[in-house]
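Reading through the structure tokens given below for one structure.
The values are calculated or read from the model by the stated rules, or taken from the named source; none is laboratory data. Small disclaimer: the values here were computed from a predicted structure and weren't measured. All Cβ positions, glycine included, derive from the backbone under ideal geometry; neighbour counts span all protein chains shown. For accessibility, only protein heavy atoms count, side chains too; no ligands or nucleic acids. Shrake-Rupley method; radii C 1.70, N 1.55, O 1.52, S 1.80 Å.
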Amino acid sequence: QILSLGAGFDSLYFRLKDMGLLHHTVVYEVDFPNVACQKATLIKRIKELSALVGDTGGEGLGVITFSGEDYKLLGVDLSELSELERALEEAGLDNEIPTLFIAEVVLTYMENSRSDALIQWAAEHFSQACFLLYEQMHPEDPFGCVMQQHFSQLNSALHSLAQYPDCEAQQRRFFEKGWTECSVMDMNEFFTRCTPEDEQQRMQALEPFDEYEEWHLKCSHYFVLTASKGMESSWTPLLSNMTVPHCDGPVRMAGSITAVVCATHSEISGLRRYGHHSVLIKPNVILTTGGFGEEDGQHCRMRNFHVLIKHAGYWKAGCVKKENPDKRWDERLYHTVSCFSSSLALVVGGRTSPSSAGLGMLWLKFPETSNASDPGDITVELVSLQPAAEPAALRWRHSTTEVIFKGEKYLFLYGGRSAMEPVLGDWYFLHTQELSCTVIPVEGPVPESRHSHSACSWKGGVLIAGGLGAAEQPLGSVFFLRELEHGFQWQTVETHPPLIPRYSHTAHVHDGKLLLVGGVWFHSSSVPGITVIDLMTGLCLDYAINVERLEWPLMLHNHSSVLLPNEKELLLIGGGGNCFSFGTHLNPEPVSLSLSNILTSH
């Protein structure tokens, strides 16, 4: 028997029946009376569905709104256990034969005392039973807060979350209610381990997709649980897929850093965005370009450029005037901006949509004389260019980093993805004078392809950390591309403990230490804060970001960050994303972190 609790308009029975998978099995579906009546009407009206169910006898009798030989649809409130028991008995449910209970995001809408009673009733009243549960978890982290807010606005509070916030609590719940075996995993793990590889690839190829961060965050906030009791052969479908031991224990934090809102005097809604790029164009002047965010009261790809200027100890935000406003910026996301001087920067790559990424390169020119105390005085001129290196720039989620070879400056363009390739592992050296691609020999073990990684200049070379790899899995590797006499060499940077794989983070080097800021990882028990890697010893320490002084959830992915080395201050600008049905979350204000404690304590 299959008993689907809160089945709604699920078509599972009809799919299984059509595929010939319901031999000697009866499906019982339960939902509120009005839902069950609507579904029964639909089934009767659609001849393909009624033909699958076959001859129907006593439909419409009391709580049984539809009755076929192997399909019974019941209109009962699940929280009224005695009514449910009576209705199931009337419909012919047999307590002595193997029964699978399915509850897909159902129990969490009930009061905990009632959902607990239902779980216990199923264990006590059925001699051979299995339970499959799918619902939300981790209510307290930033994504969890956005998720909870969404359900509260729908007037559908998630009751389970406070008492059962994670996998461990849910597992304990089932053991305490009488189930003898129970295993649970979040949906990132389920997708990776329990979904066949060809099905993963089929799904990934369905349409151009670029919301990796929100997909992985959403999956880390949903779990699937299987429990059983009395089964002749052990029923542990999740455990059989665990080829390596699962250990998502808490991440050990070496300390915490407090986040504070930057003191600003002017309108900063233009900095509410994600997928943008921020760069220090001169002391105390930060330029932010592109991304998706809020402009003129609506969500859109950002047309305007914004600056943050520090003056008399305060940060002020403002819009940048374009000297040639008719010149198209292409409203790009996931591009890079590299400063060549205080008056010249180069924009490389980016996309408008995942199927439209041929945006190439663009010069940004700033007047040398502009007053650096008022945002309104900064102007920018956009200059298109068609260099020989143009094909190299047709990508996004890549990195561009300044390197030095034989005293000459080059821009090292690495990785990313394109409209044709979901992940790239190639690189180019662009000579900064004529922007032509230069062939420079590179030896050593080639890093695996990646996008959404970080890249920092160090000792004339470049440090690459993390990223999302070919299998859409976060990477934990760190590589140093170092200059040799005749070219460059890839070297692996060993970290201990090993770096937790992540992507969509930002990074900076300060005084021989690599700082990784935010990002997305699969450790659903916590969110990435700041990781400090000592490049001499390989020591890797994680620090949490203390957000008590912020009045909103801080989502640290698709953000930008700027390090002010003299002040040991880190500015976090923008970040967030389109959280699918939960709505778009944009960090509303720039945030400042003082790093003096962690940079001196090492």
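Only alpha carbons enter this Debye calculation for the range 421-569, each as an equal point scatterer, and the log10 of I(q)/I(0) it gives at q = 0.15, 0.16, 0.18 Å⁻¹ is -0.83, -0.94, -1.16. In the context of the full protein assembly, residue 23 retains an accessible surface of approximately 140 Å², using a probe radius of 1.4 Å and ignoring ligands and nucleic acids. In terms of accessible area, using a 1.4 Å probe and ignoring ligands and nucleic acids, 215, 315 rank largest first as 215, 315.
Annotation: amide H-H contacts under 5 Å for residue 539 (H modelled 1.01 Å from N, sequence separation of 5 or more, or interchain): 496, 534. Note on the range 253-594: semi-axes of the ellipsoid equivalent to its C-alpha gyration tensor, largest first and rounded to whole Å, are 27, 25, 20. What the Cβ-Cβ distance of residue 32 and residue 594 gives, at R0 = 51 Å and to the nearest 0.05, is a FRET efficiency of 0.45. The mean accessible area for residues of the range 7-110, using a 1.4 Å probe and ignoring ligands and nucleic acids, is 52 Å² per residue. Take the convex hull of the alpha carbons in the range 169-218; its mean projected area over all directions comes to 4.6 nm². For the Cα trace of the chain, dividing Rg by the Kirkwood Rh returns an Rg/Rh value of 1.04. In this simple spin-label model, placing a label point 7 Å from the Cα along the Cα-to-Cβ direction at both residue 296 and residue 234 gives a separation of 6.3 nm. Here the range 276-303 and the range 25-48 have alpha carbon centers that stand 51 Å from each other.
Per-residue packing, averaged as other Cβ atoms within 10 Å, sorts the ranges 518-527, 397-406 into the order 518-527, 397-406, beginning with the highest. Among the trypsin sites (Lys or Arg not before Pro) found in the range 489-590, those both in a DSSP coil and sparsely packed, with 16 or fewer other Cβ atoms within 10 Å of their Cβ, are 549. Take residue 482: with every protein chain present and a 1.4 Å probe, its accessible area is about 80 Å².
Can you pull the percent of the chain's accessible area that's carbon plus sulfur, 1.4 Å probe, other chains left in place?
51
Accessible surface computed residue by residue for the range 526-582, with neighbouring protein chains in place and a 1.4 Å probe, gives 36 Å² per residue. The 3J(HN,Hα) values that the Karplus relation (6.51, -1.76, 1.60; θ = phi - 60°) gives for the range 187-192 are, in residue order, 6, 5, 5, 4, 5, 5 Hz. Gly and Pro appear as x. Under 13 Å from a point placed 7 Å out from the Cα of residue 105 along the Cα-to-Cβ direction: which residues of the range 173-192 have their backbone N that close? What the label zone holds, given the 13 Å backbone N cut-off, is no residue at all.
For the range 372-466, the Kirkwood hydrodynamic radius comes to 14.9 Å, computed from all pairs of different C-alpha atoms.
For the range 2-229, the equivalent ellipsoid built from the Cα gyration tensor has semi-axes of 30, 23, 18 Å, listed from largest to smallest.
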